[in-house]
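The values are calculated or read from the model by the stated rules, or taken from the named source; none is laboratory data. Computed from a predicted model, the values in this text were never measured in an experiment. Don't worry about glycine lacking a Cβ; one is built from the backbone with ideal geometry, like all the others, and counts go over all protein chains shown.
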Amino acid sequence: MDQLTQTFSALADPTRRAILARLANGGATVGELAEPFDMSLPAVSRHLRVLTDAGLIERHTEAQWRRCELRGEGLRAAADWIEVYRQFWETQFDKLDAFLKHTAPATAPKKPRKGKTDGRRR
């Protein structure tokens, strides 16, 4: 599986996205990452393995703790791929905006009607 496919596959799971969101605030132990989830530590470890294999996090041992940290460069290929399409759509929206402005009917400013009040009681 190529790196981009592996990255998007890892990001497809909401639990893994939640883990990445937590790690965006700083490193955490496996136990800390597991706290908000109603799943076993082995299940969380499997999610961490997928994220590690995709290059999105790195894990290392500090004394008896396994710490995880976000690898920002792991998202670079996905961000670059998405950027190409973001630019495409921005260009398309700019063209649509220009088209709508060019084809919009000219409207004359509304003139107030004679004898009508502004709705306020006097």
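Computed values, structure above
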{"quantity": "Test: residue in the range 40-48 that is modelled with pLDDT of 95 or more and touching a Pro at 6+ places or on another chain (Cβ under 9 Å)", "calculated": "no"}
{"quantity": "Pick from the range 61-76, criterion of a type in the set (A, V, I, L, M, F, W, C) and buried (at least 17 other Cβ atoms within 10 Å of the Cβ), ranking: farthest from the chain's Cα centre (by Cα)", "calculated": "C68"}
{"quantity": "Total residues in the range 3-28, condition at negative phi and not in a helix (DSSP H, G or I)", "calculated": "6"}
{"quantity": "Members of the range 34-60 found to be surrounded by 14 or more Cβ atoms within 10 Å (Cβ to Cβ) and polar (S, T, N, Q), listed by number", "calculated": "S45, T52"}
